[in-house]
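Here's the structure, in structure tokens; my notes come after.
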């Protein structure tokens with residue numbers, strides 16, 4: 001359990017620093033917006049490029065990747081149906097809420113948990129690859145279309161891909177991994193340094209956003225959305241991962257434990273960054289990130305007790 005506690009401690013310390021920065025007004029009134037835009041347009045694409053360029057695609061595209069992909073898509077699809085046809089939310093807001101219910105925190109929580117709890121950081125690689133290469137870019141494409149107000153033709157759809165910095169970083173990273181090419185050191189080093197700012201910028205922006213906010217407030221009328229997203233993320237997604245891995249793919253032992261743990265990780269902070277970028281579903285994203293980050297600790301402990 002030390003790895004779980006360590007990962008959560010690191011995250012909460014950075015969030016607390018962000019909260020103090022916002023409380024004291026150190027970076028001014030627009031700090032949260034500036035940090036979110038820095039993460040979305042500059043640091044995250046650099047991080048994706050560097051991370052994916054070193055990936056072993058033959059190892060990553062395996063059964064754990066299938067479990068991560070299917071459980072995420074099933075969770076997202078079920079939540080989107082509930083949000084659109086039961087809660088009647090607008091499509092852009094529903095998409096952000098769906099991201100909150102299905103996108104796991106694979107980087108700043110998944111990596112330390114994979115190392116300290118699962119014993120090998122490679123266990124989180126399938127989740128990172130799937131989310132970076134497929135899941136997150138797909139959501140962002142839908143958001144670009146939903147917020148543009150126009151039907152997306154093929155040329156416009158491709159144009160949106162070209163203009164989206166996160167998708168560009170993902171594609172370049174995958175191309176480098178597939179071809180075995182490497183960037184010159186004089187380019188790779190600054191890109192790596194810039195990418196290193198992504199997770200701190202996300203967490204600091206999230207901490208700043210908590211100043212003056214009250215989770216699960218009645219204002220905004222989105223309590224139901226937050227509770228549903230939290231339940232889907234921490235209960236439905238790991239249960240789907242367990243059912244698929246155990247009863248469909250025949251996985252057991254430590255590998256089964258690993259795929260369930262990675263599915264039970266809390267909502268990724270970059271959902272809040274995307275919500276801020278598109279100005280849609282910010283309240284649901286913020287509260288779901290907060291609640292799942294708090295509640296996933298007992299969920300992971302119960303998971304470990306049942307499967308180890």
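Within segment 148-163, does at least one residue satisfy the condition of being modelled with pLDDT under 80, closer than 30 Å to residue 238 by Cα, assigned to a helix (DSSP H, G or I) and in contact with a helix residue (DSSP H, G or I) (Cβ under 7 Å, 6 or more places away or on another chain)?
Checking segment 148-163: not a single residue is modelled with pLDDT under 80, closer than 30 Å to residue 238 by Cα, assigned to a helix (DSSP H, G or I) and in contact with a helix residue (DSSP H, G or I) (Cβ under 7 Å, 6 or more places away or on another chain).
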*Hey, residue 93 hits all of (1) in contact (Cβ under 8 Å) with a residue 40 or more places away in the chain; (2) surrounded by fewer than 22 Cβ atoms within 10 Å (Cβ to Cβ); (3) out of contact with any helix residue (DSSP H, G or I) (no Cβ under 7 Å at 6 or more places or on another chain) but one; which does it fall short on?*
(2)
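Residue by residue, here is whether (1) surrounded by fewer than 17 Cβ atoms within 10 Å (Cβ to Cβ); (2) not in a helix (DSSP H, G or I) holds:
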residue: 12; (1), (2): yes, no
residue: 17; (1), (2): yes, no
residue: 27; (1), (2): yes, yes
residue: 34; (1), (2): yes, no
residue: 38; (1), (2): no, no
residue: 47; (1), (2): no, no
residue: 50; (1), (2): no, no
residue: 64; (1), (2): no, no
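Could you please let me know if residue 89 is in a loop (DSSP other than H, G, I, E, B), modelled with pLDDT of 90 or more and on the phi < 0 side of the Ramachandran plot?
Answer is yes for this residue.
If we keep just the residues of segment 167-210 that are part of a loop (DSSP other than H, G, I, E, B) and surrounded by 18 or more Cβ atoms within 10 Å (Cβ to Cβ), which is nearest to the chain's Cα centre (by Cα)? Please lay out each step first, then the result.
Let us first name the residues in segment 167-210 that are part of a loop (DSSP other than H, G, I, E, B), namely 180-184, 196-197, 210.
Remaining after also requiring surrounded by 18 or more Cβ atoms within 10 Å (Cβ to Cβ): 197, 210.
Details: 197: 16, 210: 19 Å.
Residue satisfying both the conditions and the ranking: 197.
The values are calculated or read from the model by the stated rules, or taken from the named source; none is laboratory data. This structure is a prediction, so every number in the text was calculated from the model and none was measured. Every residue, glycine among them, receives a Cβ derived from its backbone with ideal geometry; neighbour counts consider all protein chains shown.
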